[in-house]
């Protein structure tokens with residue numbers, strides 16, 4: 001219970017921080033300002049949807065442990081949860097962030113995808129009692145928080161960088177992330193590309209899907225190149 005509460009507090013705090021970032025986010029030109037607020041509001045809504053979904057995820061498990069719902073009802077809800085989560089994650093691809101915010105969006109999407117993987121292993125643990133699945137779930141949720149924090153840090157840095165951008169100076173990506181962490185994140189991005197575009201035989205169902213996979217891998221490599229110290 002204590003751990004669950006801590007997780008929920010962390011998620012809620014992250015959303016509040018993001019809301020504060022969006023309110024403060026500004027451009028000097030009216031058109032850019034309007035686009036910035038639209039992007040910020042859309043991103044905030046996605047993050048809020050993820051937060052609400054995760055809070056509900058753990059509250060349903062609590063209802064089961066307290067005997068308010070059956071295991072069958074819990075697992076039925078979890079089937080719907082996975083479908084809803086995938087739908088929310090797909091909304092990141094519909095965002096049109098200004099270029100300097102693209103990296104933060106990529107990290108926030110990776111965080112949500114890692115949370116989804118964590119939830120999948122958590123459900124496996126509920127179904128089978130396999131403790132190794134619970135350990136994988138705990139590890140991945142911690143990774144998801146790290147990616148989320150990095151994404152928010154980049155969002156804040158990009159927001160501050162707008163001032164330099166408007167002044168005609170080149171915006172530089174935030175520093176301070178270790179090479180090991182950058183490589184880990186890039187590798188996880190590539191794993192997400194494989195999960196999204198490859199079938200169970202590790203092959204592609206069409207040439208178009210293979211092109212999308214190739215572009216996805218290139219994006220992960222570009223992100224790594226831009227962020228290596």
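Which residues, taken from the stretch 193-212, are buried (at least 16 other Cβ atoms within 10 Å of the Cβ) and either more than 21 Å from residue 147 (Cβ to Cβ) or at pLDDT below 80 (or both)?
204, the sole residue that qualifies.
Tell me whether the stretch 173-192 contains one or more residues that are at pLDDT 80 or above and assigned to a loop (DSSP other than H, G, I, E, B).
no
Please work out which one of (1) touching a helix residue (DSSP H, G or I) at 6+ places or on another chain (Cβ under 6 Å); (2) in a helix (DSSP H, G or I) is the condition residue 204 fails and give its number.
Of (1) touching a helix residue (DSSP H, G or I) at 6+ places or on another chain (Cβ under 6 Å); (2) in a helix (DSSP H, G or I), only one is false for residue 204: (2).
The values are calculated or read from the model by the stated rules, or taken from the named source; none is laboratory data. Model, not experiment: these values are computed from the prediction. Neighbour counts are summed over all protein chains in view; Cβ atoms, including those assigned to glycine, are modelled from backbone coordinates with ideal geometry.
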